[in-house]
Amino acid sequence: MSVNIIQSPNDKKNHLYFKLDNGVSCVVIHDPEMGVNNNNNEDMDTDESEESEEFEDEEEDEEFEDDEDDEGSDEMSDGSSTAKKGKRQIKKAAASVTVRVGSFSDPQDAQGLAHFLEHMLFMGSEKYPDENEYESFLSKSGGSSNAFTECEYTTFYFDINHNFLVPALDRLASFFISPLLKIDSMSRELEAVHSEFCGVLQDDECRAQQVRSFTANAKSPLRTFSWGNNKSLKDDPESKGIDIREKLFELFYNYYIGPLINVVVMGSESVEELKEIVTKMFKEVRSSPKHSNVLIPPSLAHITVPPFETETVYLFSSVKQEHTVSLTWVFPSVLDNYKSKSEDYLEHLIGHEGKGSIFYLLKSRGWCTSLTAGIEDDGFCSNTNCSLFGLDLTVTDEGMNNITKILDYVFQYIKLLQTKGPQEWVFKEKKDLAEIQFKFLQEKDADEYVFEISSKMPFVKPEHILYSSYIHEIWNPDLIQKLTNLLNPSNMRIDVCSKNSFEKSICSQFRKNSNEKNLEMSIEPWFDIPFAKLKIDKKLLSRWENPKLIDSELHFPEPNPFIPTDFNLIGIQNSTKIQKQKNNIKSNNNNNN
């Protein structure tokens, strides 16, 4: 299948998309600047370079020889490539593999399993059985690695000195063919997972998301504990007689398969050479799941239950001395609508900070210090089941005493958007700015470049893997109006995170006579967060549903007259003329003084 990948005029790399017979989707990238004027082999480890060169001729079942001499190891002992004084930084090669499965596929009796599997895959394979062989090789070859587990995908990526790309990639490919998932490694890696969990226990954003997860509908995929810890992955399974290693293998054999794997590799080799390398390494990946009843890909579109109880406010304490009020509305999944960016239209207007905006008015009242709006770029807020449009406000002490008045202004502005209808000039401004950004796109670090591509591949068309964040191909006023109409109080939940969330001055704003003594308290069990739930008073909901007036301070932003359209350089003759005009203006100003 021939695919024309749309890329920035500023991007000089060559890209090729193809699929293997087992369903693995691949993108290989030739960077013509990689290795140019930098390929000084006397700075490289000779034995490692030979290993990379010999890979092309050896049989698939042969092992790599990777003895490093002391000189090479010392030169890159910090895990990064270095350039000699006076030379530019060496451009690195990189690779990324994204598997279309994440924490939403965790079994209920082993929460955090996908995250645990991500860790365990680093612990050796049949071809490279030594624990940490992959990371050790990268470190000694000028490279580094990372991995992360999202709600619907998991990504593994690395960068490395381009001479060592091939053997590094072979080690990574073995993750997806024959991992050992060693018993001896499980306790150490579980401790690493637990340590990551402990590291976010005092993070207010993570705490707030976990409250949202725990209070989600029991049948919603959002009802999850994606971090995993000793309790969810050891204590609870053991008490029920569950073999967690068997669970790891089951998750691997059902989902780490060709049709769900996306590979991106960037190197100094031609795309034809890289294609041959990638094909050789990943063709052994299995093409089908172990169990026939597994949904491939694991879409959540068939789940129709609402993710949250709406018309409700959740109150819980913050760690920081900060007050946050968050409004969340449920949208249908917008992942397939990336060519219209209809939700970004609303994000732009509701999150605007200039004159006429919600924030400008609230700040002038002394009630709000920051405001962000839109659908977060993470799997919890944007997935194949639904999208969550949020409005997060950091409010002052005075603002905490006027939360319902703050929401009065929010819904007045939303009514303005509903009654005025979608404005094409707003969309065109966003489109023009996005096109400028894409036209003059700055080069990213190699590892960031490849992991962004592989993480997008499951959700966008191949030709748009570089362009999807910038494309504004379709003006869709009907969808914008539909989403705007969903910004109503009957489709909303509120989360209040503050040291004094439970005080009467706060909770009584949402329901009369509510106070800390008569609140119905619950505990989020994983983070151990006390929280209260209140149904919002019907009179308030009615007031927000249909505001009687729209404050005169609220209006659309003024059109931006400074968006450039002509990027041609001014000729010498014209520039001289402009300079004369500037000199005349300066002279007139001096005379006036």
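Worth a mention:
- Among the residues making up segment 348-367, those that are part of a helix (DSSP H, G or I) and not β-branched (Val, Ile, Thr) are His348, Leu349, Phe359, Tyr360, Leu361, Leu362, Lys363, Ser364, Arg365.
- Qualifying residue in segment 515-523 (condition: under 30 Å from Glu343 (Cα atoms), of a type in the set (A, V, I, L, M, F, W, C) and either in contact (Cβ under 8 Å) with a residue 12 or more places away in the chain or assigned to a loop (DSSP other than H, G, I, E, B) (or both)): no
- In segment 515-549, the residues that are under 29 Å from the mean Cα position of the chain (by Cα) and among the β-branched types (Val, Ile, Thr): Ile523, Ile529
- Just one of the listed residues (Lys580, Lys499, Lys512) is over 30 Å from the mean Cα position of the chain (by Cα) and either at pLDDT 90 or above or in a loop (DSSP other than H, G, I, E, B) (or both), namely Lys512.
- Test: residue in segment 305-325 that is in contact with a Pro (Cβ under 8 Å, 6 or more places away or on another chain) and either of a type in the set (Asp, Glu) or modelled with pLDDT under 95 (or both): yes
- Annotation: of all residues in segment 137-164 being hydrophobic (A, V, I, L, M, F, W, C) and more than 17 Å from the chain's Cα centre (by Cα), the one that is farthest from Phe116 (Cα to Cα) is Phe164.
- Residue within segment 281-291 that is buried (at least 18 other Cβ atoms within 10 Å of the Cβ) and under 16 Å from Tyr157 (Cβ atoms) present: yes
- Qualifying residue in segment 127-134 (condition: closer than 20 Å to Glu448 by Cβ, surrounded by fewer than 24 Cβ atoms within 10 Å (Cβ to Cβ) and at pLDDT 50 or above): no
- Residue in segment 146-161 that is over 26 Å from Asn254 (Cβ atoms) and either open to solvent by 10 Å² or more (accessible area, probe 1.4 Å) or not aliphatic (A, V, I, L, M) (or both) present: yes
- Asp445 vs. criteria modelled with pLDDT of 95 or more, open to solvent by 50 Å² or more (accessible area, probe 1.4 Å) and more than 23 Å from Tyr345 (Cα to Cα): yes
- Look at (1) open to solvent by 10 Å² or more (accessible area, probe 1.4 Å); (2) over 27 Å from the mean Cα position of the chain (by Cα) and you find that Ser185 fails only one, number (1).
- Restricting Lys240, Lys231, Lys219 to residues that are under 26 Å from the mean Cα position of the chain (by Cα) and open to solvent by 70 Å² or more (accessible area, probe 1.4 Å) narrows the list to Lys219.
- Any hit, segment 201-215, residues being basic (Lys, Arg) and either touching a helix residue (DSSP H, G or I) at 6+ places or on another chain (Cβ under 7 Å) or under 20 Å from Trp526 (Cβ atoms) (or both): yes
- Scanning segment 403-425 for any residue that is open to solvent by 30 Å² or more (accessible area, probe 1.4 Å), of a type in the set (Ser, Thr, Tyr), touching a Gly at 6+ places or on another chain (Cβ under 7 Å) and closer than 29 Å to Leu361 by Cβ turns up nothing.
- The sole residue among Ser501, Ser542, Ser522 that is among the hydroxyl-bearing types (Ser, Thr, Tyr), in contact with a Phe, Trp or Tyr (Cβ under 8 Å, 6 or more places away or on another chain) and either over 27 Å from Ile350 (Cα atoms) or open to solvent by 70 Å² or more (accessible area, probe 1.4 Å) (or both) is Ser522.
- Test for Tyr345: is it outside any strand (DSSP E or B), touching a residue at least 60 places away in the same chain (Cβ under 8 Å) and over 25 Å from Ser469 (Cα atoms): no
- Residue list for segment 358-400, filter: of a type in the set (S, T, N, Q) and open to solvent by less than 40 Å² (accessible area, probe 1.4 Å): Ser382, Asn383, Thr384, Asn385, Ser387, Thr394, Thr396
- Screening Phe308 on (1) crowded, with 19+ Cβ neighbours inside 10 Å; (2) closer than 20 Å to Gly421 by Cα shows it passes everything except condition (2).
- The set of residues in segment 378-408 that are in contact with a Pro (Cβ under 9 Å, 6 or more places away or on another chain), farther than 21 Å from Glu553 by Cα and among the aliphatic types (A, V, I, L, M) contains only Leu388.
- Only a single item in (1) under 26 Å from the mean Cα position of the chain (by Cα); (2) at pLDDT 95 or above; (3) surrounded by fewer than 17 Cβ atoms within 10 Å (Cβ to Cβ) is not met by Lys355, and it is number (1).
- Residue within segment 315-323 that is among the β-branched types (Val, Ile, Thr) and in contact with a Leu (Cβ under 7 Å, 6 or more places away or on another chain) present: no
- Exclusive hit being under 27 Å from Glu443 (Cβ atoms), open to solvent by less than 20 Å² (accessible area, probe 1.4 Å), at pLDDT below 95 and in contact with a strand residue (DSSP E or B) (Cβ under 9 Å, 6 or more places away or on another chain), set Ser81, Ser141, Ser96: Ser81
- In summary, Thr310 fulfils each of the numbered conditions (1) under 30 Å from Glu435 (Cα atoms); (2) hydroxyl-bearing (Ser, Thr, Tyr); (3) out of contact with any His (no Cβ under 7 Å at 6 or more places or on another chain) with the single exception of condition (1).
- Exclusive hit being in contact with a strand residue (DSSP E or B) (Cβ under 9 Å, 6 or more places away or on another chain) and closer than 23 Å to Glu452 by Cβ, set Ala168, Ala208: Ala168
The values are calculated or read from the model by the stated rules, or taken from the named source; none is laboratory data. Quantities reported herein were computed from a predicted structural model and do not represent experimental measurements. FYI the Cβ positions are ideal-geometry reconstructions off the backbone, even for glycines, and counts take in every protein chain you see. Side chains included, ligands, DNA and RNA excluded: accessible areas come from the protein's heavy atoms. Shrake-Rupley method; radii C 1.70, N 1.55, O 1.52, S 1.80 Å.
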